[in-house]
1. Looking at Phe6, Phe72, which is the one that is under 14 Å from the mean Cα position of the chain (by Cα) and aromatic (Phe, Trp, Tyr)?
2. Considering only residues that are among the aromatic types (Phe, Trp, Tyr) and at pLDDT 80 or above, which ones fall in segment 6-55?
3. Residues being surrounded by 12 or more Cβ atoms within 10 Å (Cβ to Cβ) and either more than 27 Å from Ile10 (Cβ to Cβ) or of a type outside the set (Phe, Trp, Tyr) (or both): count how many of those fall in segment 99-118.
4. Would you call Ala70 of a type in the set (Gly, Ala, Ser) and closer than 18 Å to Gly127 by Cα?
5. In contact (Cβ under 8 Å) with a residue 40 or more places away in the chain and either over 30 Å from Ser106 (Cα atoms) or touching a Pro at 6+ places or on another chain (Cβ under 7 Å) (or both) - does that describe any residue in segment 20-39?
6. Among the residues of segment 52-64, is any charged (D, E, K, R) and more than 30 Å from Leu126 (Cα to Cα)?
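The values are calculated or read from the model by the stated rules, or taken from the named source; none is laboratory data. Because the structure is a prediction, the values reported are computed rather than measured. Glycine gets a Cβ as well: all are built from the backbone with ideal geometry, and neighbour counts include every protein chain shown.
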Amino acid sequence: MLINAFSEPILNLILDYCEIPNSIQRFLHKHGLIKLTQKECNALHELNDSSIPFKYAYIVKTIWLTCFYAPFVPIVTVISLLGLIFYYITMKVSFRYFYKIPEVISHETNISGLRLSYFAPFMLNLGKIMTTIIL
């Protein structure tokens with residue numbers, strides 16, 4: 001759970017900050033070593049797409065894993081909560097500096113992401129059943 005809680009936010013922040021191929025191309029273009037068309041230059045200096053559905057998937061996965069493992073290891077709840085807070089902070093930083101303004105997503109996408117969290121009590125009960133079988 002520690003890996004799940006902290007690896008995703010840290011990797012997102014590092015990979016967003018260190019866009020190595022684009023950084024190299026920007027450096028070469030700045031010093032006149034390569035020539036680019038205006039369209040290529042615009043694409044090179046444009047920010048990343050935010051891909052909101054992947055953000056929903058990480059949060060739902062963390063909630064489900066927390067509910068599944070909480071009966072067996074109660075500290076998982078605290079670790080997951082800290083991981084979600086850390087994820088929130090890193091995503092705020094990423095949206096501030098590394099992503100372009102996200103496209104407006106429909107209300108249905110938000111509702112679909114919320115509906116997936118309705119399965120959390122099921123995962124909690126499944127974790128309790130697995131704990132009683134193992135122990």
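1. Matching residue, one of Phe6, Phe72: Phe6.
2. If the condition is that a residue be among the aromatic types (Phe, Trp, Tyr) and at pLDDT 80 or above, then Phe6, Phe27 are the ones that fit.
3. 8
4. The answer is yes for Ala70.
5. The answer is no; no qualifying residue exists.
6. no
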